[in-house]
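Have a look at the structure below before the remarks.
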Amino acid sequence: METVVLLTDIIEKLILFIMFSLSVWSISIMLDRRKKLSQESVDEDFEVLKKELSERNFSGVEKICSQGHSFIKKAMTLVFKSGNNPEAIDRALISFIKEEKMNLEKGLAVLATLGANAPFIGLFGTVLGIIRSFAYLGSQSGSAAVMSGVSQALYATALGLFVAIPAVISFNIFSKKIKDLQSKAESLKDLYVSKL
């Protein structure tokens, strides 16, 4: 019985350490992606670009795009450099979006994985804690030891949820921002092609 208690205690503490490490990793990814996406999604010029393109003021659009390095401005600069062939413009923008999307999505797979699996890792720690509590109960250690074991077991579940919930929320927010950037770039490209 002592071996079971000792083994489950060690593994449960290891799981808590792993969950804490995963939470730190998750938070660092969230902060990094937030910074990167806020730099890339500076879109106060989106409506201006749309208006300039609608009025066929291509030189004004080129001037605005040359003054910044946001996703949309880089995309439109590439569109203008692709000439007047709609197919060439389309292929250039698709290539640009694929390349930039890889940079923007760095770490998002980790957030999705943590969001899906952290509760199960925490649940595993909880199961081990419950096993330890039953071992205490079997050895007649008293209700205080059993309750202590159960409360420690629930820490693992709580930590698993603490890691998973922000990871899932962040993953969804960042994915939506990336899709919005892509849609805006494609919208401006289509407007440009329609005005050629």
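General observations
- For the chain, the membrane-span-like helices by this rule, meaning whole DSSP H stretches whose C-alpha atoms cover at least 20 Å of axis and whose Kyte-Doolittle mean is 0.0 or above, are 2-40, 108-138, 143-195; this says nothing about an actual membrane.
- The stretch 1-101: C-alpha gyration tensor shape, a/c 1.5 cut-off, then a/b vs b/c: prolate
- Of all lysines in the structure, those lying under 21 Å Cα to Cα from residue 36, and not within fewer than 8 positions of it along the same chain, are 73, 74, 98, 101, 106, 176, 177, 179, 184.
- The Rg/Rh ratio for the chain is 1.30, where Rg is the radius of gyration of the alpha carbons and Rh is the Kirkwood radius.
Read-outs: derived from the displayed coordinates by stated rules, not from any lab. Fair warning: this is a prediction, and the values are worked out from it, not measured in the lab.
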